[in-house]
Amino acid sequence: MILDANDLPDGTPQEADLCIVGAGAVGIAMALDLLDSGLRVLLLESGGVAPEAGSQALYAGTVADPALHSPLDTYRERRFGGSTTLWGGRSMPFDPIDFEARDYIAHSGWPIAFADLAPYYPRANRIAEAGAYAYRADQAFTRPLAPMIEGFASADLSTDTLERFSCPTDFGRRYRHKLEAAPDFRLLLHANVTGIALAADGGSVDHLQVATLAGRRFPVRARHVVLAAGGLENARLLLASRDVHPAGVGNGEDLVGRYYMCHMAGTIGALRFTRPVWHGYDIADDGTYCRRRIALIPEAQRRLRVGNVIARLHHPRIIDPAHRNGVLSMLYLARMFIPYEYAKRLDGEVRLDLPTQARHLWNVLADMPGTAAFMWHLLRDRRLAERKFPSIIIRSKANLYSLDVHGEQEPNPDSRLTLCGDIDALGMPRLKADWRHTRQDIASIAAMLEVLARDVAASGVGTFTYDPDSVAHEMTRYGAYGGHHIGTTRMAASPRQGVVDAQCTVHGLANLHLAGSSVFPTSGQANPTLTAVALGLRLADHLKTLAARPPVSVSTS
Amino acid sequence: MIRSVLVLGASGFIGRRVLRTLAAADDLIPLAAGRRVAARTEDGIEALRLEDGDTAALSAALARVQAVVDCRAAPPEEMRRGNAALFHAAQAAGRPLVVQLSSMAVYGNAVGRVDETAPLSEEQGPYAAAKLEGERLAAAYGRAVILRPGCVYGPGGTQWSLRIARLLKARRLGDLGAAGDGIANLVHVDDVAQAVAAALRNSLAEGQAFNLAMAGAPTWNDYLMAFAQALGHVPVRRLSARRVRLESKLLAPPLKILEMAAARLGGGAWAPPLIPPSLARLFCQEIRLVSGKSEDLLGQSWMPLDEGLAETAAWCRAQGA
Ligand SMILES: Cc1cc2nc3c(=O)[nH]c(=O)nc-3n(C[C@H](O)[C@H](O)[C@H](O)COP(=O)(O)OP(=O)(O)OC[C@H]3O[C@@H](n4cnc5c(N)ncnc54)[C@H](O)[C@@H]3O)c2cc1C
């Protein structure tokens, strides 16, 4: 059943066996998994089904360096469906190496192994509508595929791993009918959790404080509480709940908000091939778009002592009309019609002089048939399609590409979220993000690029040229990769090293659990959502047994 | 102990399989009847040609057997007349046991887990109403077993096999998203035939109703995906909710008229398959038919889906789908 918190009587406590905070990717996936569990589940969502400026404004905060981090009310959506109303849908599992403690990556190592999470990925793929859980070309395709780069051979790089894409599925829209029809389940819209009230001994959650922007306030009592409010907001809720523990909930060791990671990303260099390449999408039997990429294999990462890095063949820089490509010039000229989050990495913020703009216009006019065909493709396969063609793919007649890199960030306690002193419309302290990267983050990418240049040349398939001195600049040109909010309530076996334990339960608080990318101790190369969902499903499984137990009553006669 | 069994609708999709299963059994002797049967079927089973409304011939046939299995498929009005005639004649012909093939449609728009005790409803329209009336007649008659299959698929099946295969081939079905989250309560036609045989042998079945749908039935999306893969009609296409709505609401009615016209002209095979609104509704109906009773009482087991689909796909491909 779906209700509006503004229709509930003011001050009346709401009760449930299990309360999940946040109806984004993770909260909705968990709720779906718990529908048949026999538990009374209450899902609290701040927003409504449509975007609302008032709810979105609750996300605003400050950033230490606007050049390095986008404003906190961008790259996340505070509404039913959460940021899946805006996401790109790239659905990647973590690699086994990402869970390992690696002595060359500070603070690395998860208290669980890949094998602990592996059973949950297939269902995560299913809920995300990212097709089969098959991430190697030979597993995902029975038909032979043309090689990504013909003749390319490398002992350190693989071109056989896949990226798979969700529709991209808006979890709210997709699963609303299931949540509406489910018995024993309530989704409350416009219900903002503003604080976590602990029992007097500080050892468990007593209730959640809930407020609506229209002025309703009521407590929610549940035997178990899951925060699934997103990678930044989970930390904010813990930090802002200071009535029993002055440093915030679960923050006895000053870890909440620290180790904040996104990903390192940027476009660099020129790849010129003399052999055929296929850098576009292949469609799997289940209809999902898949794309191969260049990945630094685990053995090479260990030998080179670097983090996990992948790269894709990309079109030349859009902003420079020298590419003489009508489609790219059109994208540049149309950038104001593209949402901020997607325009940013199209150089949308750079202003060009008039002659350069004119050259872009000329490119469009000179390449009219190509541009028109591309427009038609965009309309049919992206705009009108429910499973959308995931990105812009330009076949280069000159067989010339740039390299789009996506790399792991090393956990760094000084990269952190804190409360900034301001409060939002509901009286909750706002966040400040001070995102940082480490030398290792850049070194990992630099090492990968070096290997690629070497092996492209050695296999005689072309050349990869780039300026090694520009790596740091290119990888931070647009700052932290937006939308990936990782590590702020990290998982560790010991309360001294982490906020939650291996089951995602807050250390020292048996009935408070965290779900989402905030619990990842490391960031890997993968986009976070699929893993956040898988981890949420694992937590849901755990809660089915945990919450099913009758509450322990201690008799003192 | 029942030995001789009259199979009505013996040349139809389900009737043929029932006939074959009964003929293969040592303890049962089938007698085939239908509108399109010769004096003997190709397997050498004795057969009677039975025209609709020929009550005398029906009575005569019934007088020769201890049980009758009604596998006739017909539009609602014809079904009503057929049922009335059958029970009337059976009453007069020594009251043989009647095994009746009803349908999950009698559960209406129910969702969730549905067993045989669930309330029955006519809300799904004339077909469901006619099936329900048949069940009432069976109850009044007293000596009947009611089987309520879900979607019967298998080689020779038009509705849940060939029609779906054609739509998959034309990419007019595929991944339906939220519109395909309903449960495809599939049952292989051989499993239905097994259930019939078990119902004839087990005296405890008399007076009971049994759901028939494979355990762990897939969602429609999963069924369509698996079937498309078996047929080789991949990659499947994601069809937008908009498109499914458009097809079932706007396109289906004129196509239905075309189909009826084609049937009248003796053709029909060339008419495009369609997705009527009732089918679109079924695709999202999250009803899970619970068939534990047939497993317990009739010893029912289920053909694994991949096996059933492989065989079905081979047949559909041979039909050009
Ligand atoms: C432009 C963009 C592109 C992206 N592309 C990809 C991609 O390709 N692949 C990938 O893996 N990831 C991608 N992401 C990231 C992805 O969107 C997130 O990882 C994912 O949505 C996180 O899911 P979540 O449920 O943890 O959080 P969210 O989806 O953010 O959901 C959190 C929910 O909690 C609610 N909420 C917040 N605070 C409160 C409160 N106090 N009380 C009640 N409710 C609250 C919010 O309204 C929201 O509905 C992208 C993100 C953006 C912005």
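The values are calculated or read from the model by the stated rules, or taken from the named source; none is laboratory data. Since the structure is predicted, the reported quantities are computational estimates derived from the model, not experimental observations. Cβ coordinates were reconstructed from backbone atoms using ideal geometry, including for glycine residues, and neighbour counts include every protein chain displayed. For accessibility, only protein heavy atoms count, side chains too; no ligands or nucleic acids. Shrake-Rupley method; radii C 1.70, N 1.55, O 1.52, S 1.80 Å.
Among the numbered conditions (1) more than 11 Å from the ligand (Cβ to nearest atom); (2) outside the structural domain of A:Ser444 (by TED's automatic domain parsing); (3) open to solvent by less than 10 Å² (accessible area, probe 1.4 Å), the only one that A:Ala191 does not meet is (1). Scanning the range A:441-487 for residues that are touching a Lys or Arg at 6+ places or on another chain (Cβ under 6 Å), open to solvent by 30 Å² or more (accessible area, probe 1.4 Å) and farther than 19 Å from A:Ser70 by Cβ yields a total of 1. Candidates in the range B:201-259 are the residues that are touching a residue at least 60 places away in the same chain (Cβ under 8 Å), open to solvent by 20 Å² or more (accessible area, probe 1.4 Å) and of a type in the set (S, T, N, Q); of these, the one that is nearest to the other protein chains (Cβ to nearest Cβ) is B:Gln208.
When the range A:507-548 is filtered for residues that are away from the ligand (no atom under 11 Å from the Cβ) and in contact with a Pro (Cβ under 7 Å, 6 or more places away or on another chain), the ones remaining, listed by number, are A:His507, A:Gly508, A:Pro521, A:Thr522.
Taking the numbered list (1) away from chain B (no Cβ under 14 Å); (2) in a helix (DSSP H, G or I) in turn, A:Ile318 passes all entries but (2). Just one of the listed residues (A:Asp282, A:Asp286) is out of contact with any Lys or Arg (no Cβ under 8 Å at 6 or more places or on another chain) and under 30 Å from B:Leu168 (Cβ atoms), namely A:Asp286. Considering each residue of the range B:168-194, count those that are over 13 Å from the mean Cα position of the chain (by Cα), open to solvent by less than 10 Å² (accessible area, probe 1.4 Å) and more than 14 Å from chain A (Cβ to nearest Cβ), and give that number. Number satisfying all stated conditions: 1. Only residues that are more than 15 Å from the ligand (Cβ to nearest atom) and under 26 Å from A:Leu452 (Cβ atoms) were counted across the range A:466-494, and they come to 12.
Looking at the structure I just gave you, is B:Ser278 among the hydroxyl-bearing types (Ser, Thr, Tyr), open to solvent by 60 Å² or more (accessible area, probe 1.4 Å) and either within 30 Å of B:Ala209 (Cα to Cα) or more than 14 Å from chain A (Cβ to nearest Cβ) (or both)? The answer is yes for B:Ser278. Taken together, A:Gly231, A:Gly195 contain a single residue that is part of a strand (DSSP E or B) and under 18 Å from A:Tyr59 (Cβ atoms), which is A:Gly195. Of the conditions (1) open to solvent by less than 40 Å² (accessible area, probe 1.4 Å); (2) more than 21 Å from A:Ala311 (Cα to Cα); (3) within 12 Å of the ligand (Cβ to nearest atom), A:Asp73 fails just one. Which one is it? If we test A:Asp73 against (1) open to solvent by less than 40 Å² (accessible area, probe 1.4 Å); (2) more than 21 Å from A:Ala311 (Cα to Cα); (3) within 12 Å of the ligand (Cβ to nearest atom), just (1) comes out false. The helices (runs of 4 or more DSSP H) falling completely within the range B:1-106 that include 2 or more residues that are touching a helix residue (DSSP H, G or I) at 6+ places or on another chain (Cβ under 6 Å) and small (Gly, Ala, Ser) map to B:76-92.
For the range A:415-440, a tally of residues being more than 30 Å from A:Ser46 (Cβ to Cβ) and surrounded by fewer than 16 Cβ atoms within 10 Å (Cβ to Cβ) returns 1. For A:Leu42, the conditions (1) near the ligand (Cβ under 7 Å from one of its atoms); (2) more than 14 Å from every other protein chain (Cβ to nearest Cβ); (3) open to solvent by less than 10 Å² (accessible area, probe 1.4 Å) all hold with the exception of (1).
Pairing each residue of the range A:234-262 that is away from chain B (no Cβ under 14 Å) with any residue that is open to solvent by 40 Å² or more (accessible area, probe 1.4 Å) and within 12 Å of the ligand (Cβ to nearest atom), provided the two are 6+ apart or on different chains, yields C-beta distances under 7 Å for A:Cys262/A:Tyr481. Of the helices (runs of 4 or more DSSP H) lying entirely inside the range A:323-387, those carrying at least 1 residues that are under 24 Å from A:Ala265 (Cα atoms) and within 27 Å of the chain's Cα centre (by Cα) are A:326-333, A:340-343. Here is the figure for the range A:138-179: residues that are more than 18 Å from A:Ser391 (Cβ to Cβ), buried (at least 21 other Cβ atoms within 10 Å of the Cβ) and away from chain B (no Cβ under 14 Å) total 3. Of the residues B:Glu46, B:Glu42, B:Glu77, B:Glu51, the single one that is of a type in the set (Asp, Glu) and open to solvent by less than 70 Å² (accessible area, probe 1.4 Å) is B:Glu46. A:Asp36 meets the conditions (1) free of Cβ contacts under 8 Å to residues at least 40 places away in the same chain; (2) within 16 Å of the ligand (Cβ to nearest atom) in every case but one. The failed one is (2).
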